Amino acid sequence: MTARTPSGADARIPGFEYHRLQGADGVTLQAAVGGSGSPVVLLHGFPQTHLMWRHVAADLAADHTVICPDLRGYGDSGKPPEAGPETYSKRTMAADVVALARALGHDRFALAGHDRGALVAFRAGLDHPAAVTHLACLDVLPTLDMWEALHGTSAAVGFHLYLMAQPPGLPERMIESAADAFFSHFLDIWARDPGAIPADVRAAYLAACARAVPSIVADYRASAGIDVEHDRADRAAGRRLTMPVTVLQQDWGAALGYEAAALWQAWALDLRHSTVSCGHFMAEEAPQDISRALRELLSREAHAKPPRNGRPLPRQKTWASTSFR
C-alpha cells in the first residue's frame, strides 16, 4: 500500500480517518486513525511523515486501533516558533503524544517510534510509564548515548546532527537554500532498497520537509541541548523503562565502536534487542518483519503497575542481541 498523491494533506493512508487534535500546549496535531482494538501509536522519523507507517499501520489495524500522528513540527501538524529549548524538547513532544491519545479516548497505549519518533517514544516511556504499556524504538540510541558514541572522523556520518545543533539562523538558511538536495541526501544514503519509497511518497516527504525547515532544525537543536540534560538527569536518578521494550536497529555499533544492546540494557528492565539486515527505513523496506516484531512485543506481559517516583522495579529479563531477518 502506498500514498495516493505526492504532497500535503492529500497524501494519506488509505482507509484511515484523519483528525486534528490538540497536543500538550495547544499545538494542533494531525493523526491518521484506523482499525479497532487495543491502541498502538506509531511515531515517524526524519525526513518523513506519518506515511512511513502506511504498510505496518494497515497490517496492525486488523486487530488494533492504530494512531499515526505527524510529530509537532512535521508534516501537517502545527509548527510553533521555537520560543525556547522546551518548544521542541522530546519531553514536550512526548506530552503531545499522551495528550493526543487521551483526546482519542486512550489513557494507556502501546508506542512505537522510528528515528526522531523513537526518541520521542523513549522520552514518553520514561516520563509517562502509567500511559505507555509497551515500547518499541527503531534504529536509534537514546540521545545521551548517541552523542557519547560519536567521536573522531566516524562522527562525520552524523554531520546533520552537528549542523542543526548550531544557534538559530545559519542552519535554517543553509538548508532552506537547497532543501530538496538536503533531505533527498538522507533518503538516498539511508535506504538499502530505494524502491521501498516510491516516487509519490518521496515527493510527499520532500514537500513536507521543505515547509518545515525551522521546526525540524529546532527539533534537532533540542537534541543537542535540553534532551541531553533530561537524559542525563534520568541516568543519574537511576530511572529506567519499566514496560516491555523492543529495539530494532542496524549494526551501527560495529562501525562506530559501541555495543548497542548494552547501551539499551542500561535503560530498559525488559529488553529484546535485535539487529536488522534492511536499511534505516525499515518500516518501508521490511514492513512484514516490523509488523511481526511489534506483534511479538504486544504479546509480552506488561507490568501491572509502574514504579513510584521513578524508582526502578527489580530486573525482569536479560537482553539478547540477535540477527533480525
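So if a site counts as exposed when it's one of the GluC sites (Glu not before Pro), its DSSP state isn't H, G, I, E or B, and it has at most 13 other Cβ atoms within 10 Å, what's the longest stretch of the chain without one? Longest gap between qualifying sites, sites excluded: 1-258.
Pairs of Cα atoms nearer than 8 Å and 6+ residues apart set the relative contact order; for the chain it is 20 percent. Of the solvent-accessible surface of the range 130-250, computed with a 1.4 Å probe and all protein chains present, 61% belongs to carbon and sulfur. The dipole here belongs to the chain: it is taken about the Cα centre, uses +1 on the Cβ of Lys and Arg and -1 on the Cβ of Asp and Glu, and is about 840 debye. Only Lys, Arg, Asp and Glu carry charge here, each on its Cβ (+1 for the first two, -1 for the last two); on that basis the range 78-135 has a dipole of about 60 debye about its Cα centre. In terms of Cα atoms, the Rg and Dmax of the chain work out to 18.0, 52 Å. Taking each DSSP H run with n ≥ 4 as -39500 (n - 2.57) and averaging over every residue of the chain yields -11000 deg cm²/dmol at 222 nm.
Hydrodynamic radius of the range 167-254 by the Kirkwood approach over all distinct alpha-carbon pairs: 16.1 Å. Within 10 Å of each candidate Cβ there may be at most 10 other Cβ atoms; applying that plus a DSSP loop requirement, which trypsin sites (Lys or Arg not before Pro) in the range 43-106 survive? Within the range 43-106, no trypsin sites (Lys or Arg not before Pro) qualify (loop, at most 10 other Cβ atoms within 10 Å). Across the options 238, 260, 276, the greatest Cα extent toward the positive end of the charge dipole of the range 224-280 (unit charges at beta carbon of Lys, Arg, Asp, Glu) belongs to 238. So for the range 16-126, what percent of the C-alpha to C-alpha distances run longer than 24 Å? Within the range 16-126, distances greater than 24 Å cover 13 percent of Cα pairs. On a per residue basis, the chain carries 39 Å² of accessible surface, using protein heavy atoms and a 1.4 Å probe.
Taking every DSSP bridge with both residues inside the chain, close to 25 percent are antiparallel.
Gain on full extension, evaluated as 0.36 nm per residue between residue 154 and residue 292 minus their Cα-Cα distance, stands at 46.4 nm. Between residue 163 and residue 262, the contour length at 0.36 nm per residue exceeds the Cα-Cα span by 32.8 nm. Treating r as the C-beta distance of residue 181 and residue 63 and R0 as 41 Å, the FRET efficiency rounds to 0.45.
Legend: calculated FRET efficiency, residue 36 to residue 251, from the Cβ-Cβ distance at R0 = 35 Å, rounded to 0.05, equals 0.40. Ranking 146, 169, 186 by how far each Cα lies toward the positive end of the dipole of the range 102-202 (charges on Cβ) leaves 146 at the top.
The values are calculated or read from the model by the stated rules, or taken from the named source; none is laboratory data. Every value quoted in this text rests on a predicted model; they were computed, and no experiment measured them. Glycine also receives a Cβ, built like all others from the backbone with ideal geometry; neighbour counts cover every protein chain displayed. Surface accessibility is based on the protein's heavy atoms, side chains included, excluding ligands, DNA and RNA. Shrake-Rupley method; radii C 1.70, N 1.55, O 1.52, S 1.80 Å.
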